[in-house]
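The values are calculated or read from the model by the stated rules, or taken from the named source; none is laboratory data. What you see is a predicted model; the values in this text were computed from it and never measured. Counting neighbours? That spans all protein chains shown, and the Cβs are built from the backbone with ideal geometry, glycine included.
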Amino acid sequence: MTLLLGRILALALCLAACASTPEPAPTSKQGASETSERSQPASAATPAGGAGHTPVYDGNATQTIKARPGERFVIALPANITTPFKWVVANPNEAIAKLVSNDYEDAPPAGCQGCVGYAGTTTLTFEAVASGAAALTLAYRGLGDDDAPPQREVAIQLTVE
């Protein structure tokens, strides 16, 4: 019974946080064709060919990612660390790309010190390993229950050339 009440409270906090989280500003995609627009990094400040730059993709909007062997890229997804869910790679294919890190960044509302239950961002950093193509499926799964269906899934087509 206590576990059920805890889950209901966590869900209520998640819903309250989602309702008060502002939508991110759209990114500038000047010069991007309609067919390649979804494979562009989410960051509007992406330097063209900048050495050492790791492109960041919005997991909510990205459908395809192209990378070169040895190149790293980041997929950013909304998350809430106060809920019992975590983003995981549902179908790892480490011959094409390997997960380097799975990090979480808090995003508390302005002027809210000590608040709990607000959303943040999970960033999944990958490194392209070898040429090939793979469907990359990311799942927002409950902790400790690998058999339960995910709360949410994101599918991205990855091409390494």
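Per the listing Ala107, Ala148, Ala135, Ala130, the residue uniquely surrounded by 13 or more Cβ atoms within 10 Å (Cβ to Cβ) and either out of contact with any helix residue (DSSP H, G or I) (no Cβ under 6 Å at 6 or more places or on another chain) or modelled with pLDDT of 95 or more (or both) is Ala107.
Of all residues in the stretch 62-77, those satisfying the criterion of being on the phi < 0 side of the Ramachandran plot, in contact with an Asp or Glu (Cβ under 9 Å, 6 or more places away or on another chain) and not in a strand (DSSP E or B) are Arg68, Pro69, Glu71. Residue count for the stretch 89-129, restricted to those that are within 21 Å of Val56 (Cα to Cα) and of a type in the set (Phe, Trp, Tyr): 2. Among the residues making up the stretch 110-127, those that are more than 19 Å from Gly70 (Cα to Cα), at pLDDT 90 or above and of a type in the set (Ser, Thr, Tyr) are Thr121, Thr122.
Summed over the stretch 78-100, the residues that are within 15 Å of Ile156 (Cβ to Cβ) and surrounded by 18 or more Cβ atoms within 10 Å (Cβ to Cβ) give a count of 5. Among strands (runs of 3 or more DSSP E) entirely within the stretch 81-147, having at least 3 residues that are more than 12 Å from the chain's Cα centre (by Cα) and either of a type in the set (Gly, Ala, Ser) or at positive phi (or both) singles out 132-142.
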